[in-house]
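Student: Structure below; questions to follow.
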Protein chains: 2
Amino acid sequence: MQEIKKYVEENKQRFLDELFELLRFPSVSADPKYKTDVFKAADFVAEKLKEAGADQVEVCQTAGYPIVYGEKIIDASLPTILVYGHYDVQPADPLELWHTPPFEPTIREGKIYARGSADDKGQFYMHVKAFELMVKTNTLACNVKFMIEGEEEVGSANLSTFVNVNAERLTADVVLISDTSMISMEDPSIETGLRGLSYLEVEVTGPNRDLHSGIYGGAVANPITVLCQMIASLHDGNNHITIPEFYSKVAELTEEEKTALNSAPFDLEEYKADLDIAEEWGEKGYSTLERTGTRPTLEVNGIWGGYIGEGAKTVLPSKANAKISLRLVPNQSSAEIAEIFQKHMESIAPASVKVKVINHHGGEPVVTPTDSVAYRAAEKAIEESFGKKPIPTRGGGSIPIVALFEDVLGIKSVLMGFGLDSDALHSPNEKYDIFNYYKGIETLPLFHKYFAELSK
Amino acid sequence: MQEIKKYVEENKQRFLDELFELLRFPSVSADPKYKTDVFKAADFVAEKLKEAGADQVEVCQTAGYPIVYGEKIIDASLPTILVYGHYDVQPADPLELWHTPPFEPTIREGKIYARGSADDKGQFYMHVKAFELMVKTNTLACNVKFMIEGEEEVGSANLSTFVNVNAERLTADVVLISDTSMISMEDPSIETGLRGLSYLEVEVTGPNRDLHSGIYGGAVANPITVLCQMIASLHDGNNHITIPEFYSKVAELTEEEKTALNSAPFDLEEYKADLDIAEEWGEKGYSTLERTGTRPTLEVNGIWGGYIGEGAKTVLPSKANAKISLRLVPNQSSAEIAEIFQKHMESIAPASVKVKVINHHGGEPVVTPTDSVAYRAAEKAIEESFGKKPIPTRGGGSIPIVALFEDVLGIKSVLMGFGLDSDALHSPNEKYDIFNYYKGIETLPLFHKYFAELSK
C-alpha cells in the first residue's frame, strides 16, 4: 500500500493532465457531427495503453466506432482480469446550463467538471494508470486485458459481434468495470445489479400537413394531444406501468434482499433537497432504493411537436414524437419488452392518427454474485483502501456489456465504481472528484493482488 | 363591371409583380431576427398606398411594429369604408417541408406559393389595387381609410392603444376585412363569426437539473410525463373540455342557426381525404362545421422537453413545456378563460413538480350581423361578381381587431375573404390562387358601389 501511495503521489499531476487531455475530445457517439473526435479519442486511449506498458495494443475497427484492445500476459498460470470501459460520452446539451465548457475540464472545489469526467473517461482511465503503476513498480499480480469501447452511450451496437468474433482473445477470469457509483466515500459500496434497457421512439401522425388551429382545431385529432393521452395512459394511479405482460417475468426480491438493500444509508430529505423537489415519486409499495435498483421503469426522455420557437404560432401540427426508455430487471428481456411496448402503443392509438414505433437499442438486466472470488477480492481491496467494508447495492443504470459477457464468454463482472450519484451523469455540469480519481487508482492494484491470492 | 374587368386586364401583370415584391419581405412578427424586414414591409405598403392615390399616408410607429395608415376623403357626405389588413406573417418553419422557398413566391398550377400569400398580404393588397382602380377610373363611391398592421400574428398587442388614441381619425361606417376564406369559388360565402383566442404557455419543472434516467428513473417525477398527464386530462372521453366553468358562458346556437350553418356544402369524405386522416375527431354531439365554427376548443400548438436530437439520450429532464391555445365563442372572454385555464393547470399539478403558466395574448370572439347595410352590400357585390348568392358561414379563426372595433369605435365589420381553407395558412406551402386574387380586385369596387347606394 505504501509503495502504491508513493507512486501516485509522485505522478499526481501527470495523471490529472492526461485525464484532462482525454476529456477534451468531444467524443459524443450519439451525434454524427463529432465522428472524427470519437476516432481521435480511440487513438489517444491506444497510445496511453502502450505507454503504460500494454502489448498487442490495437484500435479494432467495427461497423461503428472502434474498440481499443490491449493486454499484458505475464504468466499463463495466473488469473486474467479483463478491464472494460468506454471512451464515448453523452451529448452535452443543454449547453447553456453548463457553468464551464463541457469539453474544457475545469476544477472547482476539488471536482473535475467535464462531460465524461465520471461517465466513463475518469473511471476507466484509473485502470490505465493503476496498470502503469503495477507495471512500473513491478507488482502486477494478474494478467490484464483491456477492452475500451466507443458506443456504450448508444447501445454498444457492434460490441456483441466483436466479442463473439474475439471470444478466444478475450478469455479471462473476471470482467472488472468502473462505470458505476458508490453511496459516498464514507460509505463505500459495490453495485451488484444493473437494470436492462429498451430505448424506443414513438411518432404520431395526424393530418398530412401542419394546419391552422383556428380553421381545423376541434375537428381534427391533434397528434400532440393524442401522444400525451397515450403517454399518460402508460402509468396508473399508483405509478404502476399499465402495459399488459410488462411485469409478468419480473423477479421479486426476497425479504432478505429487501432488508439488505434498504439497510444502505439513504436520507430521503437530503435526496429531495439535492434535487429541489417537494415530493418523491414512484411505484406505490416500494422504497426509493427499491424503485431505482430493483423495479422496472418507463421514462419519457424527450418529446417534441408543433411550434417550439419564440412567441406564438397557432398551428395544429402534423406530427408529434417522443423518445421513451424502459429500464428492465431480472428476468425481463429487452427484445421482448420492446416488442410488447410497440404492440401496446399501436393498440392504444385512436383511428384518427397513425403511429410508428422505432426500437433504438437495448441491453439485458444482470445481477452479479456476492459470494464469488472476484466480489470478495473487491470487498477486501475497498476495505483496505477505505478502512470500511463496502455495502452491496443495486444500481439503476444499464451496462449491456455485463449481460453480454455472461452469455457469450461465461464470465461474471465486478462493478467497482468510484463515482457518486451526485456526479450529474448525462446532465449539465457532470463532475468527478479528484479525490475519487486518485482513490480509485490506489484501490485497483489491491483488487489485482487479492484476486490473485484468493484465486489460488 | 366591364370597366373594372378592363382595368384589371390591362394591369394584370403589374398587380402580380407588386404582390410578389411584398411577399418577398420575410415579415415574421413572432421572430425578432426578422425585425428589419417587418419594418421594410411597412414602408413598402405605405409607398404603394401613395402610388395608388391615398392621402395622409403615414407609417405610424407603435411600441411594436408600425401601423400603416392612408385615406381618401372625396366627400364628407358619403359613407366611409375602413379597410383593415396585416402585412406581418406567420413563421415559415418547418422550412424543410416547403417545396419552394417561403419568401420567394412561385407559381404552380395557377397558385402563388409563399408565406403570407393568402394570410394576409395577398388579400389586403387586393384592396390597395381595387382602390387604385377606383381612383384611376374615377369611380370611387365612398371615402376610404386604410389601416394595415404588423402584429396580427402575435396578438395585435399595440393596436388597441392605437385605435383608442386615433378614434377620431378612424371614424368610419364599416370595417372591411379580407382575411378569411370562402367555401369555394363555386360556392362563395361570407364569414359572419370569428372565434376568440387565449394563447398560453405551460412550463413544468421537476428536478433542478437533468438527471440520469437509470439512476433516478422511477423515483423522481418526470416533468414530461406529468405534463402529458395534465394535457391528457383536459379532454374527457367525449372530447369535451374538462376545465371547470369553461363552458359556463358559451352561447348555444338556435335550431335555425344550426340548420343554416349545416346547410353549407361540406363533404366529410373529401375533407378526410384532403388531410389523409382515417377518422375525424371532436366534441361529441356536434358536426364538423359546428365544431370549428361555433364551439370553443383547446389545442396544443407545441410541446418540447428532454432530448430531441439525433439518437438516444437516457435523461430524465428538469423541464417540459407546451404552448396551448383556446379558441373562444360568444360570450366567452379571453382574459377570463386565460385565468381559469391558469388556475386549473396549477390546481391539477402534482406536488412533485412546479408549474408556471404564461399568458401570451388573446382576442375576443365576435358574430357579425347578416341584416346590416354592409352585409347586404357584400352579398350583392359577390352575387354580381360570382353569379351566385354567398352563403353565411362561421369561421374558426380569430381576428381580434373585429371585437376591438366594435368596443372602441362602435363599428361593425364585414369579412369579405377570398381565400380557401385549403390555402395552408400557418402551414408549409401556403398558397393563394391567382384567380382569387384578381376576382377579389374585381369584386371589392362593387362592394364600395353598393355600400354607397344602400346607405342612401
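Student: Is region B:233-338 rounded, prolate or oblate when judged by the Cα gyration tensor, a ≥ b ≥ c being the square roots of its eigenvalues, rounded requiring a/c under 1.5 and prolate requiring a/b larger than b/c?
Tutor: It is oblate, given that a/c is not under 1.5 and a/b is not larger than b/c.
Student: Oh, and also: Cα to Cα, under 25 Å, and not fewer than 8 places away if on the same chain: which lysines meet these conditions relative to B:Lys249?
Tutor: Counting by Cα, and skipping residues close in sequence, B:Lys249 has these lysines nearby: B:Lys258, B:Lys284, B:Lys323, B:Lys343, B:Lys412.
Student: Sticking with this structure for a sec: Need one number: the % of Cα-Cα pairs in region B:1-88 sitting beyond the 15 Å mark.
Tutor: Here the tail beyond 15 Å accounts for 68 percent of pairs.
Student: Before we go on, tell me the buried accessible area for the B/A pair, both chains summed, 1.4 Å probe, in Å² to the nearest 100.
Tutor: That pair of chains buries around 7500 Å² in total.
Student: So which lysines can A:Lys50 reach, going by Cα to Cα under 24 Å and dropping same-chain residues fewer than 8 places off?
Tutor: A:Lys5, A:Lys6, A:Lys12, A:Lys35, A:Lys40, A:Lys72, A:Lys121, A:Lys129, A:Lys136, A:Lys145, A:Lys439, A:Lys449
Student: For B:Glu336, tell me the accessible area in Å² from a 1.4 Å probe, rounded to the nearest 10.
Tutor: Counting only protein heavy atoms, the figure is 80 Å².
Student: I've got another one for you. Helix-only mean residue ellipticity at 222 nm, the protein assembly as shown, DSSP H runs n ≥ 4 weighted -39,500 (n - 2.57), per residue, nearest 500. What is it?
Tutor: -11000 deg cm²/dmol
Student: So how strong a dipole does region A:359-435 carry about its Cα centre when Lys and Arg Cβ are +1 and Asp and Glu Cβ are -1, to the nearest 20 debye?
Tutor: The dipole magnitude comes to about 180 debye.
Student: Expressed as an acute angle from 0 to 90° and rounded to the nearest 10, what is the orientation of the C-alpha long axis of helix A:434-455 relative to the principal long axis of chain A?
Tutor: Helix A:434-455 sits at roughly 60 degrees to that axis.
Student: Specify, per residue and in Å³, the volume enclosed by the convex hull of the alpha carbon atoms belonging to chain A.
Tutor: Considering the Cα atoms of chain A, their hull volume per residue is 157 Å³.
Student: Here is a further query. Tell me, how many Å apart are the Cα centres for region B:13-83 and for region A:234-258?
Tutor: That distance is 64 Å.
Student: Let me ask you something else. Can you compute the charge dipole magnitude of the protein assembly as shown about its Cα centre, using +1 on each Lys and Arg Cβ and -1 on each Asp and Glu Cβ, nothing else charged? Give it in debye, rounded to the nearest 20.
Tutor: Using Cβ point charges on Lys, Arg, Asp and Glu, the protein assembly as shown gives about 560 debye.
Student: Still on this structure: Using the Kirkwood radius over C-alpha pairs as Rh, can you work out the diffusion coefficient of region A:338-390 via Stokes-Einstein at 10 °C, viscosity 1.306 mPa s, in µm² per second?
Tutor: Here the translational diffusion coefficient equals 103 µm²/s.
Student: Could you tell me what percent of the accessible area of the protein assembly as shown is made up of carbon and sulfur, with a 1.4 Å probe and every protein chain present?
Tutor: Carbon and sulfur: 51 percent of the exposed surface of the protein assembly as shown.
Student: Here's something else I'd like to know. Sorted by accessible area (1.4 Å probe), largest first, how do A:Glu270, A:Glu191, B:Glu339, B:Glu384 line up?
Tutor: Of A:Glu270, A:Glu191, B:Glu339, B:Glu384, the descending order of accessible area is A:Glu270, B:Glu339, B:Glu384, A:Glu191.
Student: Ok, one more. Choose one of B:His212, B:Asn239, B:Val174: the residue whose Cα lies farthest towards the positive end of the charge dipole of region B:159-249 (beta-carbon charges +1 Lys, Arg; -1 Asp, Glu; about the Cα centre).
Tutor: Positive-end residue among those listed: B:His212.
Student: Let me ask another. What shape does region B:64-162 have by the C-alpha gyration tensor, where a ≥ b ≥ c are the square roots of the eigenvalues, rounded means a/c under 1.5, and otherwise prolate means a/b greater than b/c and oblate the rest?
Tutor: In terms of gyration-tensor shape, oblate.
Student: Set Lys and Arg Cβ to +1 and Asp and Glu Cβ to -1, take the dipole of chain B about its Cα centre, and tell me which of B:Tyr286, B:Ser117, B:Gly305 lies farthest positive.
Tutor: Selected residue: B:Gly305.
Student: Please report, for B:Glu453, the nm distances (one decimal) from its label point, 7 Å out from Cα along the beta-carbon direction, to the equivalent points in the remaining copies, shortest first.
Tutor: So the distances to the same position in the other copies read 11.1 nm.
Student: Follow-up. Heads up, I need the accessible area for B:His235: 1.4 angstrom probe, whole protein in place, Å², nearest 10.
Tutor: 20 Å²
Student: Using square roots of five times the C-alpha gyration tensor eigenvalues, list the equivalent-ellipsoid semi-axes of region A:375-456 in whole Å, biggest first.
Tutor: 23, 20, 11
Student: Rounded to the nearest 10 degrees, what's the angle between the helix A:373-386 long axis and the longest principal axis of chain A, both from Cα atoms, 0 to 90?
Tutor: 80 degrees
Student: How big is the Cα convex hull of the protein assembly as shown in projection, averaged over all directions, in nm²?
Tutor: Mean projected area of the Cα convex hull: 39.6 nm².
Student: Not counting ligands, DNA or RNA, and with a 1.4 Å probe, what is A:Ile107's accessible surface area in Å² rounded to the nearest 10?
Tutor: 80 Å²
Student: Kindly report the accessible area of the protein assembly as shown per residue (heavy atoms of protein chains, probe 1.4 Å, no ligands, DNA or RNA), in Å².
Tutor: Roughly 35 Å² per residue, with all protein chains present.
Student: For region A:1-154, rounded, prolate or oblate, judged on the Cα gyration tensor with a ≥ b ≥ c (square roots of eigenvalues), a/c < 1.5 rounded, else prolate if a/b > b/c?
Tutor: In terms of gyration-tensor shape, oblate.
Student: As I understand it, the value is the acute angle between the Cα axis of helix A:223-232 and the longest principal axis of the Cα atoms of chain A; what does it come to in degrees, rounded to 10?
Tutor: 60 degrees
Student: If each residue of separation counts as 0.36 nm, what is the full-extension length gain between A:Glu310 and A:Ser77 once their alpha-carbon separation is subtracted?
Tutor: Extra length from A:Glu310 to A:Ser77 when fully extended: 77.2 nm.
Student: Can you list, shortest first and in nm, the gaps between the label point of A:Val165 and those of its counterparts in the other copies, using a point 7 Å from Cα in the C-beta direction?
Tutor: Output for A:Val165: 7.4 nm, nearest copy listed first.
Student: Moving on. Please give me, ordered by residue number, the trypsin sites (Lys or Arg not before Pro) of region B:62-162 that lie in loop per DSSP and have at most 10 other Cβ atoms within 10 Å.
Tutor: For trypsin sites (Lys or Arg not before Pro) across region B:62-162 that sit outside H, G, I, E and B with at most 10 neighbouring Cβ atoms in 10 Å, the list is empty.
Student: Here's something else I'd like to know. Put a label point 7 Å from Cα along the Cβ direction on B:Asp43, then list its distances to the equivalent points in the other copies in nm, shortest first.
Tutor: 5.3
Student: Another question, if that's okay. Size of the dipole of region A:55-99 about the Cα centre, Lys and Arg at +1 and Asp and Glu at -1 on the beta carbon, nothing else charged, in debye to 20?
Tutor: Charge dipole, region A:55-99, about its Cα centre: 100 debye, nearest 20.
Student: Return the whole-Å distance between the Cα centroid of region A:172-204 and the Cα centroid of region A:401-416.
Tutor: Using only Cα atoms to place each centre, the spacing works out to 12 Å.
The values are calculated or read from the model by the stated rules, or taken from the named source; none is laboratory data. These numbers come from a predicted model, not from an experiment. Positions of Cβ are generated from backbone atoms using ideal geometry, with glycine treated the same way; all protein chains shown enter the neighbour counts. Surface areas here come from the heavy atoms of the whole protein model, side chains and all, with no ligands, DNA or RNA. Shrake-Rupley method; radii C 1.70, N 1.55, O 1.52, S 1.80 Å.
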